[in-house]
Each structure stands twice: as structure tokens, then as C-alpha cells.
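The values are calculated or read from the model by the stated rules, or taken from the named source; none is laboratory data. The model shown is predicted, which means the values in this text are computed figures rather than measured ones. Methodologically, a virtual Cβ is constructed for each residue, glycine included, from the backbone with ideal geometry; neighbour enumeration extends over all protein chains shown. Only protein heavy atoms, including side chains, enter the accessible area calculation; ligands, DNA and RNA are left aside. Shrake-Rupley method; radii C 1.70, N 1.55, O 1.52, S 1.80 Å.
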Amino acid sequence: MSYTNKEDIIQIDHLLFQYQQEETKETVTAIKDVSFTLKRGSFTAIIGRNGSGKSTLAKNINALLLPTEGTVYVNGYDTRDKDHLWEIRQSAGMVFQNPDNQLVSSIVEDDVAFGPENLGIEPQEIRRRVDEALKKVNMYQHRKRSPHHLSGGQKQRVAIAGVVAMRPECIILDEPTAMLDPKGRAQVMDIIHQLHQEGITIVLITHFMDEAAQADRIIIMDDGDVVLDGTPREVFLHGGKIRQLYLDVPFAVEMAEHLRDAGIDVPEDVIETPELVQYLCGDCVGTAIAAERCAATDTCPDGATDAAATPVVEVKHLRHVFSPGLPFESVALDDVNFTIEKNSFTALIGHTGSGKSTLIQHLNGLLKPTDGSVWIDGENIGDGKVKLRDIRRKVGLVFQYPEYQLFEETVLKDVCYGPLNLGFSQEEAEARAKRAIELVGLDFEEVKDRSPFALSGGQKRRVAIAGVIAMEPEVLILDEPTAGLDPKSHRDILLMIETIKKEGGVTILLVSHNMGDVARLADRVLVMDGGRLWMNGTPHQVFSRAEELSEIGLGLPPATEFMYRLKLAGAPVDTSALTVQDALNAVLEWKRGEGPC
Amino acid sequence: MLRDITLGQYFPGESPIHRLDPRTKIIATMIYLLSLFFVNSFAGFGVALIFLAICVKISGVPMKFMLKGLKTIFLIVIFTFLLNVFMTPGTVLWSFGFLRVTREGLYTGVFMVVRLALLIVGSSLLTLATKPISLTDGIEALLRPLQRFGVPAHEVAMMMSIALRFIPTLLDETDKIMKAQMARGADFESGNLLQRAKSLIPLLVPLFISAFRIAVELAMAMEARCYRGGENRTRLHPMAYGKGDRVAAVVLVIYLLILAGLRFIM
């Protein structure tokens with residue numbers, strides 16, 4: 001078949017893509033017989049779990065990879081046609097996942113100019129395009145800065161500007177928000193919408209269902225094949241099938257399903273929370289006063305702290321100043337006070353730069369307080385008598401993207417590294433490694449002699465976490481352990497953390513941007529803002545302050561947000577729900593005519 | 001901790017020196033450095049010193065930054081001085097045991113120190129008053145004529161600019177990995193040399209892997225943005241000689257004439 005319809009910017013005909021795996025020399029089929037077309041000016045989201053072939057597909061559109069069989073046409077050109085390679089790459093630009101590893105130059109504007117320079121465009125025209133592109137992504141005021149001083153979201157916007165400056169007709173974004181915090185993610189999504197409105201065709205590969213729901217078409221891939229293809233409304237009708245593929249559905253879809261099961265009539269094509277709220281609340285203006293009264297008398301037992309509980313971590317007047325005395329001195333932490341009780345599950349939230357990372361590095365002595373003290377198990381770790389090795393044994397710290405710290409030839413050796421450093425014998429270290437590997441949910445016999453680098457992304461992360469757990473710490477700190485994972489690995493890691501807590505009798509401190517996870521798992525929440533501890537309370541207490549949280553750049557768990565929206569629309573409901581189940585119960589109580597109290 | 005290292009030593013500014021074409025600055029600096037070897041009298045050094053002082057003044061870079069470069073090689077300067085003072089044969093001024101200070105020694109010592117200091121400060125001015133990125137552009141342009149003899153001018157410049165871009169990234173990465181391994185009980189500071197070298201493996205292996213990952217991803221991203229080497233490439237900031245460069249050339253010629261004149265007279 002040849003290129004047929006001029007309306008289609010991309011036409012994929014029976015695409016088959018195979019490659020040879022380096023280790024085993026086996027032929028792997030990454031994409032099997034995929035055909036579809038993309039209309040000019042459309043906005044398509046491609047979702048699918050890791051290894052489903054999404055990224056391979058994207059690279060085939062940009063001619064970074066060429067089909068084994070079948071054909072890909074971009075703007076009428078066959079991607080195999082070497083004479084038009086540059087036209088293809090210019091008209092279908094690509095933005096990648098890692099904001100750092102796609103910027104070439106040490107000055108923002110020079111980086112944006114990189115593409116046009118490669119195309120041999122006149123300097124004056126490059127200047128015009130660079131300025132225009134930077135203004136479009138709202139980065140013009142940063143044009144002279146160095147990328148390494150920018151936040152992840154800003155870098156990603158520069159990367160988008162770099163593609164925009166090439167005047168593409170289509171932009172393919174391969175998980176552009178996976179490594180960003182919620183604020184950066186929102187900014188990037190805004191830019192994507194704006195570009196779409198200007199007529200650019202968008203292909204967005206993502207793991208976030210709320211992002212996919214914003215597209216006008218969703219293609220779900222699994223095992224190298226297209227499984228579902230349609231508008232978000234059509235696709236999310238198949239909630240069951242999507243879950244079978246280990247993917248998520250948006251909150252509103254899940255909620256609507258539950259409501260239907262409970263006998264409340266909700267149309268099937270609801271996919272966004274505001275729609276659901278509007279549907280449920282068509283006639284409830286004026287009844288909100290009752291709820292107001294209830295909220296006032298709401299006596300949550302959460303506030304009380306158990307006097308008998310023993311603190312395992314105590315932080316007193318902690319202050320940390322970076323580069324004191326120098327012109328770029330900055331106060332990262334200021335007068336932070338809190339305690340963490342034994343066997344509790346505490347979440348630490350706050351936007352990027354609020355001091356979370358600095359704080360957790362104090363808890364195992366990687367950073368020393370400028371002022372104040374940190375006490376572990378009743379000992380001040382800064383008084384010089386306590387050995388750092390003992391602190392590291394008691395407090396395990398798993399950094400973000402911990403798989404990047406793996407280094408040994410085999411999984412067993414890597415996991416043994418910590419215990420051996422602590423001075424345990426080889427046998428004891430291996431025994432601990434075995435326990436740890438099993439605790440993170442891997443088959444010890446199967447993985448122990450394999451290279452950690454040959455494992456999948458989710459497995460690598462488990463091995464890295466096992467490397468810390470093998471030290472059998474009393475307190476386990478995890479810095480965004482689910483960052484960048486697909487929905488299935490995300491869920492698996494959370495389950496693993498719950499198992500570790502239950503079976504290992506460990507106190508957990510979880511740093512997270514995912515409010516849904518925080519609401520579901522934590523029994524206490526520490527909120528950081530601008531280097532200060534903004535709040536320390538139960539999830540109920542913290543998430544009841546919705547407006548203030550949004551002022552410091554934090555969101556709500558989807559269920560809580562849903563209840564807030566209901567209440568704002570006038571429904572007499574109480575907004576303390578943290579999980580889907582809570583929200584469902586609250587809505588049912590209201591709908592069945594019982595008072596919310 | 002590693003993050004605090006500042007790379008390169010560019011001092012931002014808009015002075016006439018900053019605005020010169022990088023090629024002019026590179027060539028002028030090279031000529032200036034060579035001229036220092038041509039000088040054989042203190043009067044000559046006086047001229048060289050005045051010339052450099054005027055350039056520094058125009059550039060607006062504080063003297064403090066200029067002398068920073070000297071500080072790092074302070075020991076070498078002292079050593080050169082002492083070596084010359086004690087080892088040059090000639091009229092003995094003063095002696096203590098086997099140490100002999102000669103008039104010629106003192107003269108050569110001072111001579112060498114002045115020359116070294118001017119060399120360092122002169123080349124510092126180039127790096128202080130030129131953006132690293134323009135410096136690579138300048139080097140690329142100057143190497144281009146050698147391309148027909150197989151010198152990969154564009155590739156060398158591209159490598160240098162990518163290095164500039166990624167050194168801070170790799171330093172951050174090193175910092176992260178180091179902390180992660182320390183959290184697993186690693187000790188990078190104690191033990192003998194062999195133990196310390198061994199303790200670096202858990203740092204270096206992940207670092208190399210990161211570097212390779214970055215390289216693969218960056219190469220892919222560059223290709224996606226139509227990178228195909230130096231051919232037919234245009235630049236956002238094309239280099240062009242301006243009035244400033246012509247003035248600089250004239251000033252440099254005058255400086256060289258004065259030096260030659262001095263040498264002829266003395």
C-alpha cells in the first residue's frame with residue numbers, strides 16, 4: 001500500500017519491528033503488524049505498560065528505527081527513503097523522557113538553536129525561531145541560563161522549544177512528564193495543549209491516565225499490538241480490559257463504575273471528575289448548609305497521639321544552610337521539629353525544593369545539621385560518640401532511581417554490599433541478602449546469580465531496595481520509590497512497601513508526590529514548604545486544608561478532590577474521604593437520603 | 001559538595017574585550033604568550049605588563065579573579081624562583097653552606113617568575129573574558145583550515161561543548177551515587193591506598209554506566225534533531241570580525257613593534 005490520504009500526517013501500514021537481543025541472540029518482536037493513521041492536527045495518546053512497544057513505535061515514526069516489515073509514511077515520505085530523512089525528522093519532531101539527556105548545549109538559547117542549525121537555516125531566521133519557540137514554552141526569560149540550573153519541568157520545556165524551533169507538523173513526546181514533579185508536569189501538559197491548538201499534531205506516550213484522557217484519541221498497546229483504539233470515552237468504557245492490561249483508569253471512571261454497581265445511575269461515558277460531579281449534583285444547590293454544620297461537629301479521633309508510642313526518630317530545631325557565608329548561601333531547612341513513632345508509616349510531602357531531600361539526608365547522617373539535632377533511638381547522632389556506621393544500620397535510605405547505584409556482577413553480590421560494609425560475615429550477609437530479596441518479592445534462586453543490569457526496570461529497582469533492606473534497618477526511608485514506573489510496577493512497589501512494613505516490623509518514611517498513595521498508606525503526613533515543616537498531622541487533618549495546600553503547590557488525593565468538588569457544587573457531603581471506598585460510602589449515604597453525620 | 005565546583009572561569013561581562021571575536025582573542029593570546037619568550041629585558045616585560053594591565057582594565061574582570069590563576073601555581077612559581085636563584089653560576093652575593101646566591105641567579109629567578117606570572121594571567125584573561133561556548137566555536141573555526149589534512153575540527157568542537165554541558169550533570173550524578181553508597185555503609189575516606197581505590201569501584205561502575213546511558217540517549221536525541229555532523233550547518237551566532245577586531249589587530253601590531261624596537265635598542 002502507498003501513501004493515500006493527504007489528511008493523514010502519519011500512516012502506518014502493517015508495521016513489524018524485530019531486533020536481536022544482545023545477550024541471547026534471540027529475535028524479539030517489539031511490534032507485530034500494527035496499522036493506523038494519524039490525522040493532521042489530532043492529539044493522540046499512546047498508553048501501555050513497559051515493554052508494550054510504545055517507545056519503539058515512536059522511534060519508528062521519527063525514522064530513528066526502521067521497520068523490519070511494513071511501511072511508515074510521515075507527511076508522504078516513506079521512512080526508509082534516505083533522501084528525505086531530514087524532512088521526516090524535521091516534520092515529526094521528538095521529545096524524550098529524560099530532560100537532562102536531550103539538551104546539547106550549555107546555554108538554553110543555543111540548545112533551542114541546535115535543530116535549526118542542523119537544518120542549515122539562515123542565522124537571522126534561527127534567531128527569530130528561537131525567540132518564538134522560547135516564548136511559546138514560557139522560557140524566554142531564561143534564554144541565557146545554563147540548563148543545569150533549571151528545574152526538570154523547565155528543562156523539558158526547553159527540549160520542546162528545541163523541537164518547535166524546527167517548525168514540525170507533528171511532535172511525538174515519549175513520556176515527557178515521567179520524571180517531573182506535579183507542577184512541572186502540569187506546565188508541560190499546558191504547553192502540549194497550546195501547541196495542539198496551534199494546529200500541531202501531538203502524539204503523547206504516557207503512563208498517566210489523566211493525561212491520556214485529555215487527548216482526543218487513545219491507542220492502547222500491549223505486547224507489540226494495538227489492543228484498544230478510540231476516543232477516551234470509547235476506550236474507558238472497557239475499564240475491565242484496561243485493568244487486565246495492568247493499566248489504570250482515571251479516577252472518575254473508577255468511581256462511576258462503583259456507583260453503577262451500587263445502583264446509582266451514572267452514564268457510561270463519564271471520564272472526568274467535573275463531569276461526574278455535575279451529573280451527580282444537578283439539583284443540589286442550597287443543601288450544602290447541612291454539610292457545613294456536620295463538618296463543624298466532625299470529631300475525628302485522628303488528632304490524638306498515642307502517649308505510649310516510642311519515638312524512633314526525633315528532629316529538634318533542625319536548620320541547614322548550604323554554602324554559609326558565600327554569596328549563594330541558602331537556607332534549606334529552618335527550625336524543623338518532629339518525631340516519628342516506632343512502626344508508624346509517615347509520608348513526607350512538599351513540592352520540589354521544599355527541603356525534603358535535605359531533610360531525609362540528615363536522618364542517617366549524610367548531612368550534618370547547621371543547627372539543632374537529630375536523635376535516633378534516643379541517641380543524638382551528631383554528638384560524636386555515635387558511630388555513623390551504627391546510624392546507617394538503623395536508618396536505611398533508598399534514594400530516587402536507586403537502580404542507578406547498582407554495580408556488582410550479580411544480584412546477590414550487590415545486595416550483600418551493605419551488610420558486608422557493616423562488618424557482617426559472608427554467610428550472615430548472604431542470609432540477609434536472601435531474606436531481603438524475598439521480601440522485595442523476587443525469587444532468590446532465580447535472580448541471585450543474574451547480572452542486575454539484565455533485569456527489567458521494576459526488578460532493578462527491587463534489587464536496589466533489597467540492597468538497603470539487607471542492612472535490616474529499623475527505619476526505612478524511601479525517596480519517591482515509584483518515580484518513572486508504569487502503573488503496574490507502581491502498584492507492585494507500593495504493595496512491596498506494605499509487606500516490608502508488616503513482615504519486617506520496620507518504621508517507614510515515604511517521600512512522595514502521589515497524594516493518592518499518601519492518603520491510602522500513611523498514618524502521619526509531614527508537609528514541607530520553603531525549608532519549614534508546614535504541617536504535621538494525620539492524612540485527614542492535612543487534606544482537610546485543601547486551599548492552603550494548593551497555595552504551597554500541593555494537590556489532593558483524587559477521592560478527596562472529588563468530594564470537595566461535590567461540596568462546592570452544593571452537595572451536602574463531608575469531604576474527609578481519602579480513598580475511593582470512602583468517597584463511595586459518602587456519596588451513597590448522601591444519595592440514599594441519610595444525613596452525612 | 002561536588003556541586004560547588006564551578007567549571008571554567010568565565011566572568012560575565014559586556015566589555016570590548018568580551019565582545020571581540022573569539023578567533024581574535026585566541027590568536028592575540030597566542031601571539032602575546034609567544035612575545036613573552038621573545039622579550040629579554042625587564043624593560044620589555046614592563047611593556048608587556050602595561051599592555052596586559054590595560055587589557056585587564058578594559059575587560060572589567062576584577063584583579064582578584066586574575067590572581068586566582070596564579071594562586072594555583074604558586075608553588076611552581078616559588079620552586080622555579082629558588083631553583084634559578086641557587087643553581088645559576090656567577091658572581092656570588094651571599095652563601096650559606098652549599099647554597100649560593102648569585103647575582104645572575106637572582107636576575108634569572110625574577111625574570112622567570114615575571115614571565116610565568118604574565119603567561120598565566122595572559123591566558124586567564126582569555127578564559128575569563130570568553131564564554132566557553134564561544135571559545136569552542138573559535139577553536140572550531142581556527143582548526144577548519146586543517147580539516148583537509150584530516151583534523152576533525154567540527155567533531156573536536158562538538159566534543160568540547162558537550163563536555164561543558166555534561167560535566168555539571170556528571171558531578172551531580174557522582175554526588176548522588178556517592179551518597180547512595182554511603183547510605184549503604186560505604187566508606188570512601190579511611191583505609192590504605194589499595195582499600196581506598198577498591199572502595200571507589202561502587203562509585204565508578206555506576207558512574208560509567210550513567211555516562212554511557214547519557215551518551216546513548218543524547219546521541220539519539222541529537223539524531224532526532226537532524227544532527228548530521230558539521231556539513232551545511234549554520235550557527236545562531238555566526239562569527240564575524242567587527243570594528244573591535246580591527247582595532248585589536250592594530251593595537252597588537254603596535255605592541256609588537258614596541259617590543260621589537262626595545263630589543264633592537266638594548
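If you place +1 on the Cβ of every Lys and Arg and -1 on the Cβ of every Asp and Glu, how big does the dipole about the Cα centre of chain A come out, in debye to the nearest 20?
On the way: 62 positive and 90 negative charges, 229 e Å.
So the dipole magnitude of chain A works out to roughly 1100 debye.
Check the straight Cα-Cα distances from A:K39 and name the aspartates and glutamates below 15 Å, setting aside those fewer than 8 residues away within the same chain.
List returned: A:E7, A:D8, A:D13, A:E169, A:E198, A:D216, A:D229.
Would you mind checking the tilt of helix B:42-59 against the longest principal axis of the Cα atoms of chain B, expressed as 0 to 90 degrees and rounded to 10?
40 degrees
Note down the accessible area of A:K368, probe 1.4 Å, to the nearest 10 Å².
Only protein atoms counted, so the area is about 120 Å².
Let me know the mean shielding of A:406-412 by other chains, meaning the per-residue number of their Cβ atoms within 10 Å of its Cβ.
For peptide A:406-412, the averaged partner shielding equals 3.
May I ask you to list the chymotrypsin sites (Phe, Trp or Tyr not before Pro) in the stretch B:83-162 that are in a DSSP loop and have at most 12 other Cβ atoms within 10 Å of their Cβ?
B:F98
Between the stretch A:93-162 and the stretch A:399-472, how many Å separate their Cα centres?
Using only Cα atoms, the two centres lie 40 Å from each other.
What are the chymotrypsin sites (Phe, Trp or Tyr not before Pro) within the stretch B:204-255 that DSSP puts in a loop, where the Cβ has at most 14 other Cβ atoms within 10 Å?
Here the chymotrypsin sites (Phe, Trp or Tyr not before Pro) that fit, given the DSSP loop and packing criteria, are B:Y241.
Give me the 1.4 Å probe accessible area per residue for the stretch B:93-174, excluding ligands and nucleic acids, in Å².
Dividing the accessible area of the stretch B:93-174 by its residue count gives 50 Å².
Which whole-number percent gives the relative contact order of the stretch B:155-233, counting Cα pairs below 8 Å spaced six or more residues apart?
This gives 35 percent for the stretch B:155-233.
Expressed as an acute angle from 0 to 90° and rounded to the nearest 10, what is the orientation of the C-alpha long axis of helix B:74-87 relative to the principal long axis of chain B?
40 degrees
Which of the three applies to the stretch A:47-122, rounded, prolate or oblate, going by the alpha-carbon gyration tensor with a ≥ b ≥ c and a/c under 1.5 meaning rounded? Let's see the in-between values first.
Numbers: a/c = 3.16, a/b = 1.26, b/c = 2.50.
Oblate, since a/c reaches 1.5 and b/c is not below a/b.
Determine the dipole magnitude for the stretch A:9-93: charges of +1 sit on the beta-carbon of Lys and Arg, -1 on that of Asp and Glu, nothing else is charged, the reference point is the Cα centre, and the result goes in debye to the nearest 20. Present the calculation step by step, with values, prior to reporting the outcome.
On the way: 10 positive and 10 negative charges, 74 e Å.
About 360 debye.
Would you mind giving the mean number of other chain beta-carbons within 10 Å of the Cβ of each residue in A:90-103, as a whole number?
On the way: counts 2, 0, 1, 3, 5, 2, 5, 1, 5, 0, 9, 12, 8, 5.
Average per residue, whole number: 4.
Kindly identify the stretch A:104-226 as rounded, prolate or oblate by the Cα gyration tensor criterion: order the square roots of the eigenvalues as a ≥ b ≥ c, call it rounded if a/c is under 1.5, otherwise compare a/b with b/c, prolate if a/b is larger, else oblate.
prolate
With unit charges on the beta carbon (Lys/Arg positive, Asp/Glu negative), name the residue among A:L204, A:P324, A:G396 whose Cα is farthest towards the positive pole of the charge dipole of the protein assembly as shown.
A:P324
I'd like the interface area for chains A and B: accessible area of each alone minus the complex, both sides summed, 1.4 Å probe, protein heavy atoms only. What is it in Å² to the nearest 100?
Using a 1.4 Å probe on protein heavy atoms, the buried area is about 4800 Å².
Can you return the lysines within cross-link range of B:K68? Criterion is Cα-Cα under 19 Å, with same-chain partners fewer than 8 residues away left out.
B:K57, B:K131
Across chain B, where is the longest run that never hits GluC sites (Glu not before Pro) in a DSSP loop with at most 10 other C-beta atoms within 10 Å?
Counting only loop sites that pass the neighbour cut-off, the longest clear stretch is B:15-188.
Please state the charge dipole magnitude for the stretch B:155-233, taken about the Cα centre, from unit charges on C-beta atoms (+1 on K and R, -1 on D and E), reported in debye and rounded to the nearest 20.
In debye, rounded to 20, the stretch B:155-233 gives about 80.
Of A:K434/A:K501; A:K368/B:K176; B:K71/B:K179; A:K316/A:K385, which pairs sit farther than 20 Å apart, going by alpha carbon to alpha carbon?
Over 20 Å Cα-Cα: B:K71/B:K179.
Per-residue mean of other chain beta-carbon atoms within 10 angstrom of the beta-carbon, peptide B:233-242? Show your work: numbers first, answer last.
On the way: counts 6, 11, 6, 18, 7, 4, 0, 1, 0, 0.
Counting Cβ atoms of other protein chains within 10 Å of each residue's Cβ and averaging gives 5.
Any chance you could check the stretch A:418-467 for residues losing 20 Å² or more of accessible area when the partner protein chains are in, compared with the chain on its own (1.4 Å probe)?
Residues passing the criterion (a loss of at least 20 Å², heavy atoms only) are A:N421, A:F453.
Leaving out ligands and nucleic acids, note down the accessible area per residue over the stretch A:459-507 with a 1.4 angstrom probe, in whole Å². Don't skip to the answer; put the middle values down first.
Working: 1430 Å² over 49 residues.
With all protein chains present, the stretch A:459-507 gives 29 Å² per residue.
Could you name the lysines in cross-link range of A:K82, using Cα to Cα under 23 Å and dropping any fewer than eight places away on the same chain?
Once the sequence-local lysines are set aside, what remains near A:K82 is A:K6, A:K59.
Would you mind finding the longest exposed-site-free stretch of chain A, with exposed GluC sites (Glu not before Pro) meaning DSSP loop and at most 13 other Cβ atoms within 10 Å?
The segment A:410-593 is the longest one with no such site.
Compute the relative contact order of the stretch A:475-597 as a whole-number percentage, counting only Cα pairs closer than 8 Å that sit 6 or more residues apart in sequence.
Numbers: 138 pairs, mean separation 21.9, N = 123.
Relative contact order of the stretch A:475-597: 18 percent.
What does DSSP give for chain A in terms of the percent of beta bridges that are antiparallel, rounded to the nearest 5? Can you show the working numbers first?
Values: 41 of 75 bridges.
Within chain A, antiparallel bridges account for around 55 percent of the total.
May I ask for the angle, rounded to the nearest 10°, between helix B:243-265 and the longest principal axis of chain B, with both axes built from Cα atoms and the value confined to 0 to 90°?
It works out to around 40 degrees.
Hey, got a sec? Which trypsin sites (Lys or Arg not before Pro) in the stretch A:34-77 land in a DSSP loop and have at most 14 other Cβ atoms within 10 Å?
Details: sites: A:K39, A:R40, A:R49, A:K54, A:K59; in loops: A:R40, A:R49.
Nothing satisfies the criteria.
Rounded, prolate or oblate: pick one for chain B, where a ≥ b ≥ c are the square roots of the eigenvalues of its C-alpha gyration tensor, a/c under 1.5 means rounded, and failing that, prolate if a/b is larger than b/c, else oblate.
Since a/c reaches 1.5 but b/c is at least a/b, the shape of chain B is classed as oblate.
For n ≥ 4 DSSP H runs only, could you compute -39500 (n - 2.57) per run for chain B, divide by its residues and tell me the 222 nm figure to the nearest 500?
Using -39500 (n - 2.57) per qualifying helix, the result is -23500 deg cm²/dmol.
Please tell me the relative contact order of the stretch A:205-272 in percent, rounded to the nearest whole number, where contacts are Cα pairs under 8 Å and at least six residues apart.
27 percent
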